[in-house]
C-alpha cells in the first residue's frame, strides 16, 4: 500500500504493490488519450476544408481563451493543494481547496458557454461548416468532461461537509485529482492546436 | 433468480456471458443460413428481397463480431482468468456485472430492430441495420438511409463499446494486480497473457470507434457533415477511423483463441508449450503491429504509393510473429504423448484452418493483388477462415476443455467428435469455394447473381457446407444441454492440466481457492525438471472466507443506457434524460453502497 | 515511503508559476509578427512542456510507480501516432491529387 492510511483494504496485497482503483484509473486515462486523440486528428484533418465561413482566425478570441486557460491551470493548482491538505488530515483547508477547484471549473464552463453563444451569434453554428462541427464536438467533449469533474468535486465537497471525507479517503481525492489534471492537460493541447495554431 | 440478477461472482457472470453469447451465435448462424439459402442458385433461391438481404448480412456480421465471438471469449476471461492467476474474483466485481448487463441489453437493443418496424410505421424486417458491419459512409447518411436502421446500429455499438471498455479496464487490473504470490508475469498461463494483450487492444481501440460513431451520430441527428462531401466532409475519414479500430478488433477476436490453443496443446501432448516466452512476446508484437496496418482495408480508396507501400509492409510483417506461433504450436505437438480428445482436435483444426486464412491474408497485403480481391467473395473466404476456422474452432477447443471446470460435467466425447468432423468438413465446403467465386468476380453483399458469372456450382457447395455447419452446431447444442440433467461427473483435473484452475474442484466453490496458492513454476501442477508439483490445497478453508454479496446497482445502471438509446431513436429528449437519470442515480448508489471486498 | 514525501506545496506553487509564465509566452509569441515563421514548432514545444509539467508534478507521475507511466505513456504515444499518420495520409493525398 502506498498510503499509510488506516483503510479496510489494508489486508489486500496486490501484485504490483499499487492500489487497483488507481491502476484502473490510469488505464482509463490512457484510453481517454485515444478518445481525444481521434477528435483532435479529425479537427486537424478537416482544418482549412470549410466551404464557407466564419473561419477560425475571424472568430477565435485569444485573450479571452487565455484567461480560461489560466483559470483551468489555477484549478489544477487548487486540486493538488486540496489533495495535500486531505493527506495531511487538514480537512478544513481540504474542503476549501476542493470548493475552489470546483468553482474555477464552473468559471471555465461559464466561459465556454459565453464563447459558444457568442460564436453562434457571430454565425458559427454546429452545422455551419466543418470548422464549426469539429470545433464544437472537440471542445464540447472537453466541456462535458469538465462538467463531470465539477459534479464529482462538488460531491466530494458535500461529503467533506458532512464529515464523511477524511484522510482515509485520500485515494478517492487523488483519483479525482488525476481526472481533473487530465482534463486540464487536454485543454493545454486544445488551446495550442485549436486556438494558437490557426 | 435474484442471486443471478445481482451476482458479482466472476464464475456466474462467465456462465451468463456464455449462454447469452451462445444464443446470439445461434441467431447470427440462422441469418447466415438464410443468406446461403438465398444464394444457393442464380437469381435467388429463397426470394429474399435486396432490402432484407442487406439487413441479414449486416446483422450477421455485427452479431458474430460483437455479440458472439467477443463475448464468448469474455465468458472464458470471466470464468478462467481469476482461477488461472490464483485470485478469488476480478479486481472490480460490480463493474464486471455491469459489463455483462450492458452487453446483454446492447445485444437485445440491436436485435430488437428486427421486430421494431411497426413502431416506425414500417413492416417487420425493415428497420434492422443494413449498411454492412463496417457501416461505410455515406451509405449511412440520412440521405441514403432515412430510416432508423443505421441509428439502431450506431446506438447499439455505442452501448456495446461501454461494456467492452469497462471489462477492458477490469481485466487489465485483475491480471496485473491480483496474481497469487509467486505468479510472476512470465509464469502466467498463455491464455491469461493473450487476454491481457487483448484488453490493452480493447482500451486503446474502442475509443476510436466511439469517436467515429459519435461523429456519425452528429451527422445523422444534428445535420453536421463529418462524412458528407456536400458539406466538405470526407467519407474516407470514416474508413480510417473505423479500421483503426477494426484491425485491432480482428486481433481482439483472434488472440484469445490463440491463448486457448496454447493451453490445450500442451495439456494433451503432455509437454510444456514449446518456446513459451517467444509465444508470449509474439502475441505482444502482433498486437503492436495490429495497430499499424489498418489502411490495408482501404487500398482501393487510392492512398497513394507511399501509404500503400508502408501499409503493405507492416501487414506482411505481422505474418512473422504469427508464423512463429504456428511453428511453436506444431513443435509442442512434436514428440508429445498426444491424446486425441475433441478439444485437441479443435485446437489442431484451428492451426490448419488459421494457416489457410493467414495465407489468404498475406495475399491481401500486396496492394496490387488486393485491388483484384476487394469486395469480392475472396475476402469473405478470408475473414471466415480466420474468424470461423480460427476464432470459433479455438473457442470450441476451449469449451470442450473448460466445460467440466465450469459446470462440473464432461461433454460427450463421441458427440464431440461428430461435431468436430462435421464442422471441419462443413466449413471447408462452405468457405473454400468462396475463394474461387470471388476471384471469378462474384462481389460480396449481392442478393442475386447471374448464371452467366459461372459461380453457381461454387455457391451450391458453399450452401451445403453452411448447412453442415448448422447441423454440427445443433449437435453441439445438444451436447451442452444434455449435461444439464446429468449428474456432476468431472474430477478436479480431468485432463491432467498444469495450470491453477485444475487445482480446485469442478465446479469451483464460490471462494475458488481454500488457500491462495504460492506459485513456484510456470506449470504448477506438473512435475518439471526443476520443480515438484505443488502440494494439494486443503479441502476446507482453514478460516472463514468473506465473499462479497451481490448488488442490484450494476444492472440498474446498465438499464439506463438502452433507455437513452431508445429516446435518441425516437427523438424524444425526455426519455433520453430519464435514461441519463437512471445512470446517474445508479452510479451514486453504486459508489456509496457498502460493498466489502 | 510514498510519493507525498517528494512534492511539497512549494513545488506545486513553483510549477503553477512556470505554467502561467509559459502560457503568457505562448500568447506573446502568437502576437509577435517576427515569430510567425517558427510559430508552430515553438507553440508545440511550449505546450508539450506544460503537458509534461502537469503530468509529472500534479499527477505525481514523476514520483509514482513506473508502471503508471507505461499505462499512460503507451496510449499517449499511440494517440500521437494516430494524429501524425492521419495528417500524413490526408495531406499527402491532397497534395498528390492537386499536383496531378
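Tabulated results
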| read-out | value |
| --- | --- |
| Unmet criterion (only one of (1) crowded, with 18+ Cβ neighbours inside 10 Å; (2) farther than 30 Å from residue B:239 by Cα) for residue C:90 | (2) |
| Residues located in region B:178-192, provided they are more than 15 Å from the chain's Cα centre (by Cα), buried (at least 24 other Cβ atoms within 10 Å of the Cβ) and assigned to a helix (DSSP H, G or I) | B:190, B:192 |
| Residue B:139 on the phi > 0 side of the Ramachandran plot, at pLDDT below 95 and not in a helix (DSSP H, G or I) | no |
| Options B:524, B:538, B:594, B:554; residue that is more than 14 Å from every other protein chain (Cβ to nearest Cβ) and more than 21 Å from residue B:79 (Cα to Cα) | B:538 |
| Residues located in region C:27-62, provided they are within 26 Å of residue A:84 (Cα to Cα) and more than 10 Å from every other protein chain (Cβ to nearest Cβ) | C:56, C:62 |
| Extreme residue, farthest from residue A:152 (Cα to Cα), among residues of region A:187-197 that are at the interface with chain C (Cβ under 9 Å from one of its Cβ atoms) and in contact (Cβ under 8 Å) with a residue 24 or more places away in the chain | A:196 |
| Some residue of region B:468-486 being in contact with a strand residue (DSSP E or B) (Cβ under 7 Å, 6 or more places away or on another chain) and not in a loop (DSSP other than H, G, I, E, B) | no |
| Which numbered condition residue B:496 misses (of (1) over 23 Å from residue B:191 (Cα atoms); (2) touching a helix residue (DSSP H, G or I) at 6+ places or on another chain (Cβ under 9 Å)) | (1) |
| Residues (surrounded by fewer than 24 Cβ atoms within 10 Å (Cβ to Cβ), within 29 Å of residue B:67 (Cβ to Cβ) and more than 8 Å from chain A (Cβ to nearest Cβ)) located in region B:222-237 | B:235, B:236 |
| Any hit, region B:442-458, residues being on the phi > 0 side of the Ramachandran plot and either without any contact (Cβ under 8 Å) to a residue 12 or more places away in the chain or not in a helix (DSSP H, G or I) (or both) | yes |
| Single residue of region A:43-73 satisfying the filter (within 7 Å of another protein chain (Cβ to nearest Cβ) and assigned to a helix (DSSP H, G or I)) that is nearest to residue A:122 (Cα to Cα) | A:62 |
| Count - residues of region A:67-76 that are in contact (Cβ under 8 Å) with a residue 40 or more places away in the chain and surrounded by fewer than 21 Cβ atoms within 10 Å (Cβ to Cβ) | 2 |
| Residue check, residue A:98 within 12 Å of chain C (Cβ to nearest Cβ) and more than 30 Å from residue A:44 (Cβ to Cβ) | no |
| Helices (runs of 4 or more DSSP H) within chain C that include 1 or more residues over 21 Å from residue A:196 (Cβ atoms) and at pLDDT 90 or above | C:9-31, C:66-99 |
| Selected residue (criterion: farthest from the other protein chains (Cβ to nearest Cβ)) from residues of region A:77-90 that are in contact with a helix residue (DSSP H, G or I) (Cβ under 8 Å, 6 or more places away or on another chain) and free of Cβ contacts under 8 Å to residues at least 24 places away in the same chain | A:85 |
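Conditions (1) surrounded by fewer than 24 Cβ atoms within 10 Å (Cβ to Cβ); (2) at pLDDT 95 or above; (3) within 22 Å of residue B:69 (Cα to Cα); (4) out of contact with any helix residue (DSSP H, G or I) (no Cβ under 8 Å at 6 or more places or on another chain), marked per residue:
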| site | (1), (2), (3), (4) |
| --- | --- |
| B:239 | yes, yes, no, no |
| B:266 | no, yes, no, no |
| B:273 | no, yes, no, no |
| B:277 | yes, yes, no, no |
| B:284 | yes, yes, yes, no |
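Let's see how each residue does on (1) loosely packed, with under 15 Cβ neighbours inside 10 Å; (2) under 22 Å from residue A:194 (Cα atoms); (3) within 13 Å of another protein chain (Cβ to nearest Cβ); (4) more than 15 Å from the chain's Cα centre (by Cα):
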{"position": "A:107", "(1), (2), (3), (4)": "no, yes, no, no"}
{"position": "A:114", "(1), (2), (3), (4)": "yes, yes, no, yes"}
{"position": "A:141", "(1), (2), (3), (4)": "no, yes, yes, no"}
{"position": "A:158", "(1), (2), (3), (4)": "yes, no, yes, yes"}
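One line per residue, one yes/no per condition, for (1) in a loop (DSSP other than H, G, I, E, B); (2) closer than 20 Å to residue C:75 by Cα; (3) within 11 Å of chain C (Cβ to nearest Cβ):
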| position | (1), (2), (3) |
| --- | --- |
| B:283 | no, yes, no |
| B:300 | no, no, no |
| B:307 | no, no, yes |
| B:318 | no, no, no |
| B:325 | no, no, no |
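The values are calculated or read from the model by the stated rules, or taken from the named source; none is laboratory data. Predicted model, so just to flag it, every value in this text is computed and none were measured. Virtual Cβ from ideal backbone geometry, glycine too; neighbours counted across all protein chains shown.
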